[in-house]
Amino acid sequence: MKTSLILVCALCLLASAVGAQPQGVLGAPSKPQNVPQGPATPPVAAPRTPVQQVGPSASTSSLGQSKPGKPTPVVPAPTNTHAQKPKPKPGKAAVVGAVAAGAVVGGAAVVAIAKPSPPSPPEPPKPEPEKPDPTKGATTGAPLPRWAALRSDEVNLRTGPGTRYPIDWVYHRRDLPVQIQREFDAWRLIEDQDGVKGWVHSATLAGRRGFVIKVGDQTLRKSAGDDAPAIATLRTGVAGRLRSCAAKAAWCDVEAGGHRGWLKRDVIWGIFPDEVIN
């Protein structure tokens with residue numbers, strides 16, 4: 001009897017060990033039967049074309065179930081979705097802008113070559129400034145050098161042509177002859193019998209002709225000749241007026257100290273060798 005019970009218990013334990021799994025162990029599920037197998041190749045991904053549905057289709061019921069009928073309309077997206085600058089109006093500016101920016105028309109680059117501007121004509125040569133004529137005055141156009149006489153008994157000789165220049169000499173010899181060598185506006189560069197040069201205002205000069213005895217005492221005679229009677233003796237530096245003198249004449253008609261007579265040309269200063277005074 002005990003042997004039979006032990007045999008029965010052993011069989012039960014063997015049966016439970018075969019039919020049961022230990023706890024904490026996951027077993028692989030058994031392969032389902034009669035399950036349809038998938039396709040041999042993987043499915044192709046659907047195109048990612050944006051689809052915009054304008055409105056509910058007439059064939060769609062209120063429950064969202066489509067009914068047989070017309071397909072849902074599809075609105076395609078625009079070809080170019082990027083912002084673009086407005087196209088300039090046709091003209092020269094537009095062509096130049098397209099070339100500078102490397103314009104692209106129809107997918108191909110447009111290269112425009114601007115027409116070269118015609119060469120500008122050469123500038124005419126600038127006229128050279130006229131050189132002053134040293135033989136004529138820049139202000140009056142009168143010949144240079146020429147003679148004049150001091151108008152009054154007080155004339156200021158300055159170092160330059162203007163009152164801002166200092167006074168170098170003061171003349172106190174009315175009718176003293178001077179030689180004008182240059183002109184500047186209303187001023188004249190003069191030289192006296194001693195070689196002193198300076199600037200005086202034109203208002204202090206007179207057009208009348210004068211003379212001065214260059215050297216030695218000279219005899220003023222009644223007529224043009226060495227044997228003519230003497231009228232007066234003129235000392236060195238005596239000034240007077242020239243009345244007349246013929247061309248290349250050796251004697252000139254003069255007046256000095258209230259006496260009028262004749263002096264030799266070569267003893268006076270204030271006349272050119274061949275000058276004529278009428």
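Data for the structure
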| item | result |
| --- | --- |
| Residue check for G160: on the phi > 0 side of the Ramachandran plot, of a type outside the set (D, E) and not assigned by TED's automatic domain parsing to the domain that holds V238 | no |
| Residue within the stretch 120-134 that is touching a strand residue (DSSP E or B) at 6+ places or on another chain (Cβ under 8 Å) and basic (K, R) present | no |
| Lone unmet requirement of (1) on the phi > 0 side of the Ramachandran plot; (2) in contact with a helix residue (DSSP H, G or I) (Cβ under 9 Å, 6 or more places away or on another chain); (3) not acidic (D, E) for A186 | (1) |
| Any hit, the stretch 238-245, residues being over 28 Å from E154 (Cα atoms), outside any loop (DSSP other than H, G, I, E, B) and in contact with a helix residue (DSSP H, G or I) (Cβ under 8 Å, 6 or more places away or on another chain) | yes |
| Hits in the stretch 258-278 (condition: assigned to a strand (DSSP E or B) and farther than 14 Å from K248 by Cβ) | H259, R260, G261, W262, L263, I268, W269 |
| Failed condition for T236, given (1) surrounded by fewer than 19 Cβ atoms within 10 Å (Cβ to Cβ); (2) in contact (Cβ under 8 Å) with a residue 24 or more places away in the chain | (2) |
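The values are calculated or read from the model by the stated rules, or taken from the named source; none is laboratory data. Keep in mind it's a predicted model, so treat the numbers as computed, not measured. Positions of Cβ are backbone-derived with ideal geometry, glycine not excepted, and every protein chain shown enters the neighbour counts.
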